[in-house]
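The values are calculated or read from the model by the stated rules, or taken from the named source; none is laboratory data. Keep in mind the model is a prediction, meaning the values are calculated, not measured. No Cβ is skipped: glycine too gets one built from the backbone with ideal geometry, and neighbour counts run over all protein chains shown.
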Amino acid sequence: MTQFPPSAGTLSDEERRHFREQGYLVRRILDEAGVARYVAAVEEARRERADTQRMSNLQFLQPGKAIRSIQDVICNEDILAVCRGLLGEGIIVDGASLFHAEAGVDYRQGWHRDVLQVPDDQVDPNWFSEHYHYNYVQMNLPLTVDGCLWIVPGSHRRPLNAAERAVFGNTEKMAPVNAAELDEGVQLVLQPGEAVFYNNYAVHRGYGGVLKDRRITIHLGFHSTEHDPTCHFGVLDHTEYTLEYLSSLQPCVREALRAHLVERARHPEVNVFHAYHQQFLKGEFKTT
Ligand SMILES: O=C(O)CCC(=O)C(=O)O
């Protein structure tokens, strides 16, 4: 895995090239104290929730599931600077989940591209080409050592190759969980506080087997107002963001969600994909 030296602010040409060609970029975002603050916040929040034998995917910006003491991660300037470097100005937060599982949980997804929410006949092969402008970036920010994310570098800008086609079959979406291994698949093992920014049209999967250690990872998605949305924009349930809820939030979180609402109002066409996406989450994870 290529590691770039920690540096705040703008991305180097080399980092941008790596993201464009390989489909991912690893950067340090939080120092030890930052990691410890969020771990303590998660532990406090978990005390009120029953443990489970599944990976949980807690949408921590939604009222009812909110973990208020980690919400300000969406305002982290280093994360936003990386997203601006990759996508452009006007960064809008979209998906926001906490992946959480205790040691012993068995976590296996099939290799997939994140087009699971798109009806088959609307998946456009042009999306997986060098020339397509993909206006979305996903990020995993682990607070514990995390080796659950696997990716096939470069697969976002080409059709499935023969090995991938053999495991995917006649769909562009997802291979069965027990399909054969992909030799080009790379496991990204991240240290607490490092983040991986990735193109989620690349072939990837969450796969830990039976976890040896606890997993706590913050998972975010971002879009830029400079370009039209891709089908992946529209993960957050904006219908739950009432004035009452917004006014109860920290100012920077409130502003980020207001900006999300404004962008969703500009692009009502993405709403149709929201329901499909929520169905996928319920199938793959525990979501409450
Ligand atoms: O980090 C993970 O567990 C995988 C996440 C993933 O595959 C996804 O969100 O599509």
Check: Just for segment 121-148: of the residues that are of a type in the set (D, E, K, R) and either within 16 Å of the ligand (Cβ to nearest atom) or not in a loop (DSSP other than H, G, I, E, B) (or both), which one is modelled with the highest pLDDT?
Finding: Asp146
Next item on the list: Sort out which residues of segment 199-250 are within 14 Å of the ligand (Cβ to nearest atom), farther than 14 Å from Val270 by Cα and of a type in the set (A, V, I, L, M), and write them in order of number.
Entry: Ala202, Val203, Leu211, Ile216, Ile218, Leu220
Next item on the list: Would you kindly identify the strands (runs of 3 or more DSSP E) lying entirely within segment 18-110 that contain at least 1 residues that are within 16 Å of the ligand (Cβ to nearest atom) and at pLDDT 95 or above?
Entry: 24-28, 91-101, 106-108
Notebook entry, point to check: Picking from His223, His260, His219, which residue would you name as being crowded, with 16+ Cβ neighbours inside 10 Å, touching a Phe, Trp or Tyr at 6+ places or on another chain (Cβ under 6 Å) and more than 26 Å from Phe168 (Cβ to Cβ)?
Noted result: His223
Notebook entry, point to check: Quick one: would you say Glu194 is surrounded by fewer than 20 Cβ atoms within 10 Å (Cβ to Cβ) and touching a Pro at 6+ places or on another chain (Cβ under 9 Å)?
Noted result: no
